[in-house]
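Here is the structure we will look at, set down as structure tokens.
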């Protein structure tokens, strides 16, 4: 079978490897679509802090079950599935308390261990989730990023009747804002300086899509929500200057939620949190329930993922993918790799 391995920064190899053997508790999946994530781009540039080369990338996947282990129930050949890409120990304190997404020994397929840029992929059946027959493989590849969004909103608590601001209208920011709308927020505002991304957000039914170029976040919040301001500010941008504005704009007794993957330390003015009793929440991936909620929201059309896919590439074109993303930052949202 064909497999793509990243051997070092900016370099990859096409390998002809055996189709994986399937253990008693595993399923073999013929991969159909795999999305390219921001962490994949970091790996390509050699800037991901928590991985080592070589690695087979890919953790946003959808495919078809082609073989089922002897001890597996609930799956059959021909089932459409997506994959929850976390490998956790199950024994550390976070795992024992149900927070396996922050397992002390966490590994992620395609980052710390072999991933899905491969024609076939064998995983424990516990990592697979059934997709509806009428869900496309493109949609299936977006379940993982949608689960990031459902996990983030779960951490925020009950959103019914709240005012929510999402900073950054990329794929994750868009999905977080959509899930906030679907979760009963009174008004959801998404901000960016990229008008293309804001146009996509508008097609997805987000209440207000605001270009903040040359504007202060605090002013936008007052304009959109009045004196009530924002109950929750969710940072999906990952930009130091924007984070500083978010801290300054956070209302007394509100929440500031960090979804973005910051690459460097950020200075924080702690008295602003303390004196205003602002809660800061960190988000790290998702739980299985977040995957299922993402599937349910997508199935019911409560969130719309189709506008987020900007480009497709075949797996044999994968060497073109990262330079293309690097050279088109204004227009690229989600790139999907057609595996077979």
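General remarks:
- Order of 26, 330, 319 - criterion: other Cβ atoms within 10 Å of each residue's Cβ, fewest first: 330, 319, 26
- Over the chain, relative contact order from alpha-carbon pairs under 8 Å, at least 6 apart, %: 17
- Take each peptide in 202-211, 87-96, count the other Cβ atoms within 10 Å of every residue, and average; sorted highest first, the result is 202-211, 87-96.
- Pair residue 296, residue 269: separation of 7 Å Cα→Cβ label points (nm): 4.1
- Build a GNM of the chain with springs between Cα atoms under 10 Å apart, and of 11, 218, 255 the one that fluctuates most is 11.
- With a Förster radius of 51 Å applied to the C-beta separation of residue 281 and residue 21, the computed FRET efficiency comes to 0.75.
- Rounded tilt (10° steps) of 318-327 against the dominant C-alpha axis of the chain: 10
- Restricting attention to the chain, close to 55% of DSSP beta bridges with both partner residues there are antiparallel.
- Residues 14, 291, sorted so that the one with the fewest Cβ neighbours within 10 Å comes first: 14, 291
- Nearest-ten-degree value, helix 240-249 long axis tilted from longest Cα axis of the chain: 50
- Here 217, 15, 222 are placed in order of increasing Cβ neighbour count within 10 Å, fewest first, which gives 15, 222, 217.
- Among [x] 6, 25, 34, 24, 9, 2, 0; [y] 5, 24, 29, 22, 14, 5, 1, 0; [z] 5, 20, 24, 19, 14, 10, 6, 3, 1, 0, the entry derived from the coordinates for P(r) over Cα pairs in 10 Å bins from 0, in percent: [x]
- Helix 288-299 and the long axis of the chain differ in direction by around 80°, with both axes built from C-alpha atoms.
- A full extension of the chain between residue 70 and residue 331 corresponds to an added length of 89.3 nm, given 0.36 nm per residue minus the alpha carbon distance.
- Take every pair of alpha-carbon atoms less than 8 Å apart whose residues are at least six positions apart; their mean separation over the length of the stretch 153-282 yields a relative contact order of 23 percent.
- For the pair residue 41 and residue 228, the difference between a 0.36 nm per residue extended length and the Cα-Cα distance amounts to 63.4 nm.
- C-alpha center-to-center spacing [the stretch 1-49, the stretch 124-181] in angstrom: 23
Each value in this text was obtained by applying a stated rule to the coordinates, not by laboratory testing. Everything numeric here is computed off the predicted structure, so don't read it as measured data. A quick note on method: Cβ atoms are made from the backbone with ideal geometry, for glycine too, and the neighbour counts reach across all protein chains shown.
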